Amino acid sequence: MSNPLVKCTVDQCTHYMPGDQCVAAKISVYNDEMKSNSRMKEETLCKSFHPRKTMGDMLGAFHNANVGGTVSAAFVDGTQLTPAVECFVNPCKYWQHGNYCNAEHIHVAGLNASKTADTDCETFEAK
Ligand code: SF4
Ligand code: SF4
């Protein structure tokens with residue numbers, strides 16, 4: 001089993017923390033439609049995205065918080081929390097049986113996201 005480091009720039013999500021970190025214990029990456037086969041990164045999404053309405057909502061994010069979770073080396077410096085990643089996007093070259101991702105790191109993005117479909121796994125590459 002492998003697990004990538006997660007960098008996320010979706011600052012509208014309750015699980016987002018400054019430093020482009022995700023404090024969710026686990027995230028799920030899906031195709032935009034359950035039955036579709038993603039052919040490009042725009043067709044992937046982070047199912048664990050939850051819109052943050054106010055700054056105070058950040059405190060509410062900790063129901064799925066990575067307390068005592070995996071602490072991995074940072075992308076830049078220091079240490080970085082990273083969630084467990086399950087992925088259902090099997091057309092991606094990093095996808096592994098068991099719904100694992102064997103990329104070293106992934107980047108989840110979505111400018112001004114308000115729903116899961118607004119987010120993408122930028123690291124997706126078609127097989
Ligand atoms: S969009 Fe996904 S990866 Fe980004 S902070 Fe939210 S749950 Fe984590
Ligand atoms: S890089 Fe590919 S396998 Fe990994 S989470 Fe993104 S879409 Fe899934």
| said: Of all residues being among the hydrophobic types (A, V, I, L, M, F, W, C) and more than 10 Å from ligand 2 (Cβ to nearest atom) in segment 105-127, which is farthest from Phe49 (Cα to Cα)? Just the residue, please. | reply: Leu111
| Failed condition for Gln80, given (1) more than 15 Å from Asp118 (Cα to Cα); (2) in a loop (DSSP other than H, G, I, E, B); (3) modelled with pLDDT under 90 | (2)
| Qualifying positions in segment 26-50 - open to solvent by 40 Å² or more (accessible area, probe 1.4 Å) and either part of a strand (DSSP E or B) or within 13 Å of ligand 1 (Cβ to nearest atom) (or both) | Lys26, Tyr30, Lys47, His50
| field | Residues located in segment 1-44, provided they are within 15 Å of Ala113 (Cα to Cα) and of a type in the set (S, T, N, Q) | value | Thr9, Gln12, Thr14, Thr44
| Residues of segment 103-116 classified as open to solvent by 70 Å² or more (accessible area, probe 1.4 Å) and assigned to a loop (DSSP other than H, G, I, E, B), total | 5
| On the given criteria, is Tyr94 at pLDDT 95 or above, open to solvent by 40 Å² or more (accessible area, probe 1.4 Å), out of contact with any Cys (no Cβ under 6 Å at 6 or more places or on another chain) and more than 13 Å from ligand 1 (Cβ to nearest atom)? | no
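The values are calculated or read from the model by the stated rules, or taken from the named source; none is laboratory data. Please read all numbers here as calculations on a predicted model, not as lab measurements. Because the Cβ atoms are built from the backbone with ideal geometry, glycine has one as well, and the counts that use them run over all protein chains shown. The area values use the complete protein model at the heavy-atom level, side chains included, leaving out ligands, DNA and RNA. Shrake-Rupley method; radii C 1.70, N 1.55, O 1.52, S 1.80 Å.
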